[in-house]
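What follows is a single structure, written as structure tokens, with notes after it.
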Amino acid sequence: MPHIEREELTPEESDQLLLLPGGHPPLWNHMDSIGSVRLRQREGAPGCSQEGLPCPSDSSELVLECLQQFKVTETQLRQIQASLLGSMEQALGGQASPAPAVQMLPTYVGSTPHGTEQGNFVVLELGATGASLRVLWVTLLGIEGHRMEPRSQEFVIPPEVMLGPGQQLFDFAAHCLSEFLDALPMDKERLQLGFNFSFPCHQTGLDRSTLISWTKGFRCSGVEGHDVVQLLRDAIKRQGAYSIDVVAVVNDTVGTMMGCEPGVGPCEVGLVVDTGTNACYMEEARHVAVLDEDRGRVCISVEWGSFSDDGVLGPVLTTFDHALDRESLNPGAQRFEKMIGGLYLGELVRLVLAHLAQRGVLFGGCTSPALLSRGSILLEHVAEMKDPLAGAARVHAILRDLGLSVGASDAELVQYVCAAVFTRAARLCAAALAAVLARLQHSREQQVLQIAVATGGRVFERHPSFLSILQETVMLLAPECDVSFIPSVDGGGRGVAMVTAVAARLAAHRHLLEETLAPFRLDHEQLAAVRAQMREAMVKGLRGEASSLRMLPTYVRATPDGTERGDFLALDLGGTNFRVLLVRVTAGGVKITSQVYSIPEYVAQGSGQQGILLNWTKGFNASDCEGQDIVCLLREAIGRRQAVELNVVAIVNDTVGTMMSCGYEDPRCEVGLIVGTGTNACYMEELQNVAAVPGDSGHMCINMEWGAFGDDGSLDLLRTCFDANVDQASINPGKQSFEKMISGMYLGEIVRHILLHLTSLGVLFRGQQTQRLQTRDIFKTKFLSEIESDSLALRQVRTILEDLGLSLTSDDTLMVLEVCQAVSQRAAQLCGAGVAAVVEKIRENRGLEELTVSVGVDGTLYKLHPHFSGLVAATVRELAPRCVVTFLQSEDGSGKGAALVTAVACRLAQMAHV
Ligand code: ADP
């Protein structure tokens with residue numbers, strides 16, 4: 001043993017020293033007043049430094065200088081916070097070069113738990129707890145606030161496995177799994193496993209994850225760049241004992257966040273300080289450039305352990321950090337983690353103690369082989385030694401085990417060192433957390449961010465002072481955030497089970513959703529069949545044979561040629577409004593003055609004193625009109641008023657009006673289409689094809705009344721049970737089959753019936769039926785437009801649905817969106833198949849290789865739905881490739897059109913007269 005002579009400290013000096021361990025108040029404030037630590041050593045003692053021994057005043061300066069290096073000022077913390085936030089945002093935005101200082105890896109965890117998750121799950125943890133591997137059996141009860149303790153077993157990973165071939169590591173894991181399961185008296189059929197793999201990974205799915213680089217003392221060959229889930233699956237298969245489905249792979253931060261019991265609000269940040277350190281949080285998916293997803297949220301693993309910014313970290317790094325990095329398995333990497341993670345705190349303390357010993361300040365200037373070997377001081381030691389009460393005694397015991405002889409004043413100095421290293425770690429961690437909070441506050445656009453942070457890892461679990469320093473510093477750096485810290489349960493294992501359960505639930509729900517929506521997704525063959533059936537029905541209708549298409553001649557024989565002139569009065573009875581228009585057609589164009597009257601329901605469904613109306617559609621059901629000549633009804637009605645003298649020249653339906661009004665601007669417009677409350681189409685047919693009207697030359701506009709297409713059963717194969725429900729509840733069951741799959745009056749209803757069905761399956765709204773959703777017509781077709789609008793944030797979609805009394809999760813919102821998309825897409829595609837049949841017929845009528853034609857369109861659904869018109873056009877391109885079709889939206893369509901029909905009729909009459 002070295003022979004050491006020591007001068008004792010004065011009582012005041014001892015007091016000042018004793019104030020400090022425990023971490024508060026910060027050490028350096030007191031260090032300035034520390035007097036001298038006087039040490040003297042005899043020369044020549046073995047294992048002890050011989051040269052450069054400090055004189056008494058030097059030694060205190062040496063300690064001061066050493067510990068001063070661990071001080072991080074508030075300004076430095078703020079710089080770290082700002083720099084990390086900047087890097088996070090660059091990484092989210094997809095910046096490639098220069099590479100951002102953090103990776104921001106999407107984890108494919110898209111929703112936090114409902115609290116209703118249930119079932120048995122196996123969890124395998126690798127990398128969460130240092131050099132050990134843990135297997136857990138977690139039972140989720142599905143009742144909020146009720147928990148069952150998981151069963152778990154920890155296996156120490158031999159060092160040669162941690163550094164050996166990857167296959168050996170995964171075989172070891174599979175072996176531990178079956179050893180654990182062998183001992184369990186549970187039913188082990190169809191096991192679902194959540195894999196907690198806490199290393200930086202590039203995840204491409206919930207069950208696909210490629211290791212980027214080993215950290216935390218692992219370095220197995222042949223794993224980096226490979227899918228770790230596949231490696232585990234292969235090993236389980238090789239083991240062969242159990243059939244286990246690896247459902248999800250998560251890191252410990254995600255497990256920590258997901259396992260957290262929801263408090264006032266959901267817990268949306270996970271923070272882990274164990275061997276290493278990392279955090280995750282729920283980010284808006286649209287902010288994550290690498291994801292092709294603009295809805296919902298996704299959990300992002302910040303991977304802040306690798307944060308490096310020479311500008312802000314450089315001044316904070318001590319000579320000891322540099323030494324630690326040089327000796328580590330991954331020099332130059334994970335610099336931030338190496339100041340915070342539990343794997344490194346003991347090592348930093350060791351380096352400082354060795355330095356001070358070598359400089360003669362500690363242990364009488366003597367070191368020991370143990371003190372000079374890597375890894376001899378562990379996180380546990382640091383925590384025990386810095387304990388304000390029992391610490392001093394532990395210092396003696398721990399250091400004596402390292403072969404050091406500890407003097408009375410050494411113990412306190414060692415405690416300072418531990419506290420300095422530990423406090424710095426907590427403050428740096430707080431700066432990083434403050435960056436995440438700032439990010440959340442920004443993306444949520446909230447003034448005051450109220451958020452729960454789940455904390456996990458052994459540093460939090462065993463060293464409560466870490467949390468208190470962290471909390472204090474976060475309050476300083478992010479005063480506008482109201483943060484509650486919630487310790488994780490079961491070391492994150494429950495969270496991994498939760499992710500697995502959520503994944504299993506989502507997969508089951510997705511399957512049901514897909515199954516429900518599958519009949520709405522029409523493929524090319526189905527749409528081509530609709531086109532062909534439509535064509536057949538058109539031909540039969542024109543010939544006067546039985547057909548669901550009436551193909552009514554309108555006696556409109558020409559589209560406008562631009563020479564029409566005069567003043568015309570038009571009456572327009574639409575689905576919702578009755579309009580009177582004065583249309584003045586001059587050489588300068590068409591000028592319209594109009595007055596709109598809304599139609600009271602008692603009129604729409606009352607007696608019909610107002611062509612020959614064949615039957616009411618679109619919710620009209622006035623009596624005494626069907627089969628009567630509308631022109632006569634109108635003439636009589638005008639006669640009853642006896643106010644003005646009018647000549648009723650033509651009766652035009654809105655479809656024809658739309659075609660004519662667009663035709664005034666574009667002579668190629670020979671098709672009219674309406675997709676509003678109802679749907680219909682008209683087009684210019686060869687007169688010779690129209691059996692009902694004599695004549696072999698010229699054209700005639702045919703009102704297809706295509707809403708009734710399929711009333712003969714030809715669409716039955718496409719019709720879903722939801723269409724049947726809507727039809728049954730309508731005022732005209734069995735009629736207007738095509739219209740009921742396409743138009744505004746019905747799409748909201750179809751969606752509502754699908755939502756009811758999915759709720760009954762438990763897929764939506766947690767299976768809770770609401771009275772409001774059972775109310776007919778409560779789900780407006782305009783909601784489809786709003787929900788499907790790209791510019792609308794998910795939050796606004798939620799508001800629409802919440803106004804319907806539905807309480808929903810973000811998964812619900814996405815599913816409702818998918819339902820709306822499926823219904824409106826089918827509507828647009830069916831409509832497109834119809835238009836394709838029409839334009840193809842015109843092309844063939846004229847014997848053309850290629851037809852260029854325009855379609856005049858009106859109707860609010862067509863005009864206001866964000867994707868409807870695009871889908872119609874795309875379908876027409878697909879099904880009528882030899883037609884070049886332009887869609888023109890009519891303005892003031894039907895009224896102007898009616899006037900133009902009259903104008904054209906007058907022009908043709910004058911020509912005949914001449
Ligand atoms: P009509 O067909 O009755 O003459 P419109 O063309 O204005 O009149 O169509 C009205 C129908 O359009 C409504 O019944 C409704 O179903 C639908 N609708 C209204 N607003 C929207 C919207 N924003 N998006 C899609 N459809 C809508």
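The values are calculated or read from the model by the stated rules, or taken from the named source; none is laboratory data. Just so we're clear, the structure is a prediction, and the values are computed from it rather than from any experiment. Don't worry about glycine lacking a Cβ; one is built from the backbone with ideal geometry, like all the others, and counts go over all protein chains shown. Side chains included, ligands, DNA and RNA excluded: accessible areas come from the protein's heavy atoms. Shrake-Rupley method; radii C 1.70, N 1.55, O 1.52, S 1.80 Å.
Measuring with a 1.4 Å probe in the full set of protein chains, what accessible area per residue, in whole Å², belongs to region 656-728? Write down the numbers at each step before the final one.
Details: 2470 Å² over 73 residues.
Result: 34 Å² per residue.
Going by Cα centres, region 263-337 and region 721-788 are how many Å apart?
What the calculation gives is 46 Å, centre to centre.
In percent, what relative contact order does region 325-481 have, based on Cα pairs under 8 Å that are 6 or more apart in sequence? Mind dumping the intermediate values first?
Values: 168 pairs, mean separation 32.9, N = 157.
Computed over region 325-481, the figure is 21 percent.
Please give, to one decimal in nm, the separation of the simple spin-label points placed at T563 and K863, each 7 Å out from Cα toward the Cβ.
3.2
Which far-off residues, 5 or more places away or on another chain, put their amide H under 5 Å from the one on T367, with H placed in the peptide plane?
Amide H to amide H, under 5 Å and 5 or more residues apart or across chains, T367 pairs with S49.
Using 7 Å Cα-to-Cβ label points, what is the I778/R521 separation (nm, one decimal)?
In this crude spin-label approximation the distance works out to 2.9 nm.
Once label points are set 7 Å from the Cα along Cα→Cβ at both A390 and D803, what is their separation, rounded to one decimal in nm?
Between A390 and D803, the label points sit 6.2 nm apart.
Taking R0 as 56 Å, what FRET efficiency do you get between D666 and L163 from their Cβ-Cβ distance, rounded to the nearest 0.05? Display every interim value, and only then the final one.
Details: r = 76 Å, r/R0 = 1.35.
Efficiency, from the Cβ-Cβ distance: 0.15.
Using a Förster distance of 41 angstrom, determine the FRET efficiency expected from the C-beta separation of Q771 and H202, and round it to 0.05.
Values: r = 47 Å, r/R0 = 1.16.
Here the calculated transfer efficiency is 0.30.
Counting only residues 5 or more places away or on other chains, whose amide H sits under 5 Å from the amide H of V109 once H atoms are built in the peptide plane?
Those qualifying (amide H under 5 Å, at least 5 residues apart or on another chain) are C299.
Between beta-carbons, use under 13 Å as the cut-off and find the net charge around H322, counting Lys and Arg +1, Asp and Glu -1. Walk me through the intermediate numbers first.
On the way: positive: R326, R335, K338; negative: D310, D321, D325, E327, E347.
So the environment of H322 carries a net charge of -2.
Fully extended, how many nm does the chain gain between E61 and T319 (0.36 nm per residue separation, minus their Cα-Cα distance)?
Full extension of this stretch gives 91.2 nm more.
For region 442-505, what does the accessible surface come to per residue with a 1.4 Å probe? Please give it in Å². Before the final figure, lay out each step's value.
Values: 2550 Å² over 64 residues.
For region 442-505, the solvent-accessible area averages 40 Å² per residue.
Could I get the Rg over Rh figure for region 99-255? Both from C-alpha atoms, Rh via Kirkwood, rounded to two places. Please list the in-between numbers first.
Details: Rg = 15.6 Å, Rh = 16.2 Å.
Value, to two decimals: 0.96.
Applying 1/(1 + (r/R0)^6) with R0 = 41 Å to the Cβ-Cβ distance of Q230 and E461, what FRET efficiency is obtained, to the nearest 0.05? Mind dumping the intermediate values first?
Working: r = 32 Å, r/R0 = 0.79.
Efficiency, rounded to the nearest 0.05: 0.80.
List the trypsin sites (Lys or Arg not before Pro) in region 148-231 that DSSP assigns to loop (not H, G, I, E or B) and whose Cβ has at most 11 other Cβ atoms within 10 Å. Which are they?
Values: sites: R151, K188, R190, R208, K216, R219; in loops: K188, R190, K216, R219.
Listed in order of number, the matching sites are R190.
Could you tell me the relative contact order of region 282-339? Use alpha-carbon pairs under 8 Å, at least six residues apart, and round to a whole percent. Could the numbers behind the result be given before it?
Numbers: 52 pairs, mean separation 18.4, N = 58.
It rounds to 32 percent for region 282-339.
Taking H placed 1.01 Å from N in the peptide plane, check which residues at least 5 places from G859 or on another chain put their amide H under 5 Å from its amide H.
Result for G859 returns V675.
Straight-line reach only, C-alpha to C-alpha below 30 angstrom: list the lysines that K540 could link to, leaving out same-chain residues fewer than 8 apart.
Counting by Cα, and skipping residues close in sequence, K540 has these lysines nearby: K618, K735, K740, K841.
Using only the Cα atoms of region 421-563, what semi-axes does the equivalent ellipsoid have when each is the square root of 5 times a gyration tensor eigenvalue? Give whole Å, largest first. Provide the component values of the computation, followed by the final result.
Working: eigenvalues 930, 118, 20 Å².
Values for region 421-563, descending: 68, 24, 10 Å.
Taking a ≥ b ≥ c as the square roots of the Cα gyration tensor eigenvalues, with a/c under 1.5 meaning rounded and otherwise prolate when a/b beats b/c, else oblate, which class fits region 168-306?
Because a/c hits 1.5 or more and a/b exceeds b/c, region 168-306 counts as prolate.
Whenever you get a sec, compute what percent of the accessible area on region 410-515 sits on carbon and sulfur atoms (1.4 Å probe). Please report the intermediate quantities before stating the final value.
Details: 1800 of 3360 Å².
Carbon with sulfur: 54 percent of the solvent-accessible area.
Distance from a point 7 Å along Cα→Cβ of R286 to each backbone N in region 429-473: keep the residues under 20 Å and list them by number.
Taking a point 7 Å out along Cα→Cβ of R286, the residues of region 429-473 whose backbone N falls under 20 Å are 439-447.
Roughly speaking, what is the stretch gain from R151 to M475, that is 0.36 nm per residue apart minus the C-alpha to C-alpha distance, in nm to one decimal?
112.9 nm
Would you kindly state how much longer the chain becomes between N845 and E891 on full extension, computed as 0.36 nm times their sequence separation minus their alpha carbon distance, in nm to one decimal? It would help to have the intermediate numbers written out before the result.
Values: separation 46, 0.36 × 46 = 16.56 nm, distance 2.94 nm.
Stretched out fully, the N845 to E891 stretch lengthens by 13.6 nm.
Please list, in order along region 453-464, the HN-Hα scalar couplings obtained from phi with the Karplus expression 6.51 cos²θ - 1.76 cosθ + 1.60 (θ = phi - 60°), rounded to whole Hz, x for Gly and Pro.
For region 453-464, the Karplus-derived couplings read 10, 8, 10, x, x, 5, 5, 5, 5, 9, 10, x Hz, x marking Gly and Pro.
Would you mind getting the accessible area per residue of region 219-324, heavy atoms of the protein chains only, 1.4 Å probe, in Å²?
On the way: 3720 Å² over 106 residues.
On a per-residue basis, region 219-324 sits at 35 Å².
Of the heavy-atom accessible surface of region 753-912 (probe 1.4 angstrom), what whole percent is carbon and sulfur? Walk me through the numbers before you get to the answer.
Numbers: 3040 of 6230 Å².
Answer for region 753-912: carbon and sulfur cover 49 percent of the accessible area.
Each residue of region 250-258 in order: what ³J(HN,Hα) in whole Hz does its phi give by Karplus 6.51 cos²θ - 1.76 cosθ + 1.60, θ = phi - 60°, with x for Gly and Pro?
Once θ is set to phi - 60°, the couplings for region 250-258 become 9, 9, 5, 5, 5, x, 5, 5, 6 Hz.
When the Karplus curve 6.51 cos²θ - 1.76 cosθ + 1.60 is applied with θ = phi - 60°, which whole-Hz ³J(HN,Hα) does each residue of region 670-684 get, with x for Gly and Pro?
10, 9, x, 9, 10, 9, x, 4, x, 9, 6, 8, 9, 7, 8
Roughly how many Å is it from the Cα centre of region 57-91 to that of region 121-161, as a whole number?
That distance is 36 Å.
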